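Below is one structure; the comments refer to it alone.
The values are calculated or read from the model by the stated rules, or taken from the named source; none is laboratory data. Just so it is clear, the model here is predicted, and its values are computed rather than measured. Here the Cβ positions follow ideal geometry from the backbone for every residue, glycine too, while neighbour counts run over all protein chains shown.
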Amino acid sequence: MPETILIIEDDPLQADVVRLLLEHNGFEIVLSADGAEGLRKLYEVQPDLVILDLILPQMDGWAVCRRIREMSTVPIIIMTSRRSDEEKIKGLRLGADDYVVKPFNPQELVARVSSVLRRTRLPPPSKSTVMRFNGGDLIIDPTNLSVIIDGEQVELTPTEHRILLYLAEHPGQVISIEDIFTNVWGFDTDVNVNNVKWYVWRLRQKLEGPTGEQRFIFTERGAGYRFTAV
């Protein structure tokens, strides 16, 4: 069964170009011309991936990205003409999984879509058994991509889950940002290695709450991150 991609793009020509390109590569496409409609279709269709433009009528792409993350862990690729690092960082902090700048090479977009979906589909690298830490305060189930903290389910995106799992597989070790980038993303992405810290920041927000108190993931300044739990 083909994977479904929801494209939220108000430019009909651009939307058709992307639709035809992805349909040619075997994907099923659903189009939406504004943010509010896009959120409705997200709920109705339950797509495997969302391609999101930032400049939209009624509700801009930032607001749409934020709303999607409130209700779903579906992968998001932001597609926009905005090139600044600040814009990319903002998208990553809001929960986007990748960032494609217009104009783009058609095959580059296909490669990025395939890469994000592959990270979603792939089973975790090594462990398949449930991992318990701190006497069960933290439970990670690699098979079901589920995380439970203090008895409560925590919704992580596939990328966030892979970061957590990679760190948890190396407890007590200092893992560099470069190692996280290589093992979670590889190299076929526009996510910069320096942006990894924003993903870790977002992961910590979910694991440790808004206080920022380090409970499971500790920063080793100038070296990387260390997962500490027993």
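Some points to look at:
- Among the residues listed as 120, 129, the single one being in contact with a Pro (Cβ under 9 Å, 6 or more places away or on another chain), at pLDDT below 85, crowded, with 16+ Cβ neighbours inside 10 Å and on the phi < 0 side of the Ramachandran plot: 120
- Residues of segment 159-172 satisfying the condition of being surrounded by 19 or more Cβ atoms within 10 Å (Cβ to Cβ) and of a type outside the set (Ser, Thr, Tyr): 160, 161, 162, 163, 164, 165, 167, 168
- Every pair of residues 6+ apart whose Cβ atoms lie under 7 Å, when the first sits in segment 181-198 and is modelled with pLDDT of 75 or more while the second is outside any helix (DSSP H, G or I): 185/191
- Residue within segment 153-161 that is modelled with pLDDT under 90, over 25 Å from residue 90 (Cβ atoms), assigned to a strand (DSSP E or B) and touching a strand residue (DSSP E or B) at 6+ places or on another chain (Cβ under 9 Å) present: yes
- Inter-residue pairs, beta-carbon under 9 Å, first more than 12 Å from residue 113 (Cα to Cα) and in segment 12-34, second of a type in the set (D, E, K, R) and in a strand (DSSP E or B), 6+ apart: 14/53; 15/53
- Filtered residues of segment 57-84 (kept if of a type in the set (A, V, I, L, M, F, W, C) and either outside the structural domain of residue 100 (by TED's automatic domain parsing) or assigned to a loop (DSSP other than H, G, I, E, B) (or both)): 59, 74
- Within segment 47-68, being within 19 Å of residue 4 (Cα to Cα) and in contact (Cβ under 8 Å) with a residue 40 or more places away in the chain holds for 47, 48, 49, 50, 51, 52, 53, 64.
- Number of positions in segment 80-92 that are buried (at least 17 other Cβ atoms within 10 Å of the Cβ) and under 24 Å from residue 161 (Cβ atoms): 4
- Listed by first and then second residue, the pairs linking a residue in segment 90-110 that is over 13 Å from residue 17 (Cβ atoms) to a residue that is small (Gly, Ala, Ser) and modelled with pLDDT under 85, with Cβ atoms under 6 Å apart and 6 or more places separating them unless they lie on different chains, are 99/91.
- The listed residues are 56, 13, and the only one of them that is crowded, with 21+ Cβ neighbours inside 10 Å and either modelled with pLDDT under 95 or not hydroxyl-bearing (Ser, Thr, Tyr) (or both) turns out to be 56.
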